[in-house]
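**Student:** Let me give you the structure first, and then I'll get to my questions.
The values are calculated or read from the model by the stated rules, or taken from the named source; none is laboratory data. All figures in this text were calculated on a predicted structure; none of them were measured in a lab. Accessible surface is based on the protein model in full, side chains and every heavy atom, while ligands, DNA and RNA are left aside. Shrake-Rupley method; radii C 1.70, N 1.55, O 1.52, S 1.80 Å.
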Amino acid sequence: MIIINEIDNDKFVVYVKSDVESKHTVVFEDKYYLRFNKNKSKQEIIKESFEFLLKREPNTQILKSFNLNIINNYFPEYENEFNVKWW
């Protein structure tokens, strides 16, 4: 289970409940959000991003604090899978 709490427009706390519960602070700035499909909220994209990550690693291996735009550095298929635009 993934629970997302918005701290402010760009900062979120994500709780992942699995065998071991984990807590993650995620920054998702508007300038990156604008590159995504606008039919989804920031929270929806964060949730789907965590689902993407959890298919590749356990929640305990996900960074405790990160900017969403770094996922592609670790998993180059991320932005293609999410149809992130390059302008």
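**Student:** Taking 0.36 nm per residue of separation and subtracting the Cα-Cα distance, what length does fully extending GLU81 through MET1 add?
**Tutor:** Going from the current span to full extension adds 26.6 nm.
**Student:** Please turn the phi angles of region 72-77 into ³J(HN,Hα) values with the Karplus equation 6.51 cos²θ - 1.76 cosθ + 1.60 (θ = phi - 60°), one per residue in order, whole Hz, x for glycine and proline.
**Tutor:** Calculated HN-Hα couplings, in order: 4, 5, 8, 10, x, 7 Hz.
**Student:** Let me ask another. Could you report the chain's accessible area per residue, 1.4 Å probe, as an integer in Å²?
**Tutor:** Ligands and nucleic acids excluded, the result is 62 Å² per residue.
**Student:** Sticking with this structure for a sec: If you roll a 1.4 angstrom probe over the protein chains with everything in place, what fraction of the accessible area of region 15-55 belongs to carbon and sulfur, to the nearest %? Walk me through the numbers before you get to the answer.
**Tutor:** Working: 1060 of 2280 Å².
Roughly 46 percent of what the probe reaches on region 15-55 is carbon or sulfur.
**Student:** Moving to a separate point now. Once fully extended, how much extra length lies between LYS23 and PHE66, figured as 0.36 nm per residue of separation less the alpha-carbon to alpha-carbon distance?
**Tutor:** On the way: separation 43, 0.36 × 43 = 15.48 nm, distance 1.16 nm.
Between LYS23 and PHE66, full extension yields 14.3 nm more.
**Student:** Let me ask something additional. Taking amide H positions as placed in the peptide plane 1.01 Å from N, state which residues far from LYS11 in sequence (5 or more) or on other chains have amide H under 5 Å from it.
**Tutor:** PHE28
**Student:** Where the eigenvalues come from the Cα gyration tensor of the chain, what are the semi-axes √(5λ) of the equivalent ellipsoid, largest first, in whole Å?
**Tutor:** So the three semi-axes of the chain are 20, 15, 11 Å.
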